[in-house]
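Here's the structure we're looking at; comments come further down.
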Amino acid sequence: MTFDPLAEAHRQWSARWPDQADHMAAVTSVMRAQQLLLSRIENILKPHGLTFAAYEALRLLAFSSTGSLPMGKMGQRLLVHPASVTNVISRLEARGLVTRSPSPHDRRVVLASLTPEGRALAEEATETMHRARFTLPGLSQEDARAVTSVLHTLRASVDDVE
C-alpha cells in the first residue's frame, strides 16, 4: 500500500482540529487533483506545441460564430486576468495561429481572430483530448457528471456561480 500524504494530513488535522479536518482535506484534494490534471493535460498537448491555456484560447475562438472575440470577453470566459489573455494571444500570434486587430465597431476593443492554421490546430488538439478522454480514461461518464456536480456546489459555496 502506498503512502497517501493527503490521508495523513487528514489524520493529523483530525487529531488537532476535528471540526476542520474534512474541509482541509477537501481543499487539499481539489488542489492536488488540479495539479495532477494540469500536468497530464500539458503532456498530452505538448506534441501540438500548446499549453492548456493556449488550447483553451484556441478552442474558445473556434467555438465563436466568427472565429473572433474581444480580448476582454476572452478573459471573462476563460476566467483569467486580461494580462494572461494578452500573454497567451501574443504567443499564439507569434506562431501564426491568431491575429489581433481593432474591432470595426469600437476601435478601443482588440479582437483576437483565429487563422485557418489556428482552427486546424484547435481541431487536431481537440481530437487528441477526446482520444485521451481529457486524461480521465478510468472515470465513467456518470462519475464525471458527479464530479462536475460536486464541484459546481463547491463553486457556488464560494460565490463563483449561483
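Keeping all protein chains in place, calculate the accessible area per residue for the chain (probe 1.4 angstrom), answer in Å². Can you show the working numbers first?
Numbers: 11040 Å² over 162 residues.
On a per-residue basis, 68 Å².
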- [ ] Give a quick list of trypsin sites (Lys or Arg not before Pro) in region 66-162 that DSSP marks as loop, anything other than H, G, I, E or B, with at most 16 other Cβ atoms within 10 Å.
- [x] Arg95, Arg107, Arg108
Task: Most positive-pole-ward Cα, Leu121, Ala146, Ser157, against dipole of region 106-162 from beta carbon charges - done: Leu121
TODO: Identify, among Ser14, Val27, Tyr55, the residue whose Cα sits farthest towards the positive end of the charge dipole of region 1-130, taking +1 on the Cβ of Lys and Arg and -1 on the Cβ of Asp and Glu, with the dipole about the Cα centre.
DONE: Tyr55
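Hey, got the dipole for the chain? About the Cα centre, +1 on K and R Cβ, -1 on D and E Cβ, debye to the nearest 20?
Working: 18 positive and 17 negative charges, 107 e Å.
Charge dipole of the chain: 520 debye, to the nearest 20.
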Task: Cα point-scatterer Debye curve for region 1-145, base-10 log of I(q)/I(0) at q = 0.17, 0.21 Å⁻¹ - done: -0.96, -1.24
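For the chain, which whole-number percentage of the solvent-accessible area (1.4 Å probe, protein heavy atoms only) is attributable to carbon and sulfur atoms? Please list the in-between numbers first.
On the way: 6450 of 11040 Å².
Result for the chain: 58 percent of the exposed heavy-atom area is carbon or sulfur.
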Open item on the list: Can you give me the angle between helix 116-131 and the longest principal axis of the chain, using Cα atoms only, in degrees from 0 to 90, rounded to the nearest 10?
Closed with: 20
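How long is the gain from Asp19 to Ser65 if the chain were fully straight, where each residue apart is worth 0.36 nm and the alpha carbon distance is subtracted? List each step's numbers first, then the result.
Working: separation 46, 0.36 × 46 = 16.56 nm, distance 4.94 nm.
Going from the current span to full extension adds 11.6 nm.
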TODO: Using only Cα atoms, find the angle between the long axis of helix 21-45 and the longest principal axis of the chain, and express it within 0 to 90 degrees, rounded to the nearest 10.
DONE: 40
Task: Thr28-Glu124 FRET efficiency (beta carbon distance; Förster radius 41 Å; 0.05 resolution) - done: 0.70
Open item on the list: Suppose each label sits 7 Å from its Cα in the direction of the beta carbon; what would the His81-Ser149 distance come out to in nanometres?
Closed with: 3.6
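The values are calculated or read from the model by the stated rules, or taken from the named source; none is laboratory data. The structure presented is a predicted model; accordingly, all values stated were derived computationally and were not measured. Positions of Cβ are generated from backbone atoms using ideal geometry, with glycine treated the same way; all protein chains shown enter the neighbour counts. We work out accessible area using only protein heavy atoms, side chains counted, and drop any ligands, DNA or RNA first. Shrake-Rupley method; radii C 1.70, N 1.55, O 1.52, S 1.80 Å.
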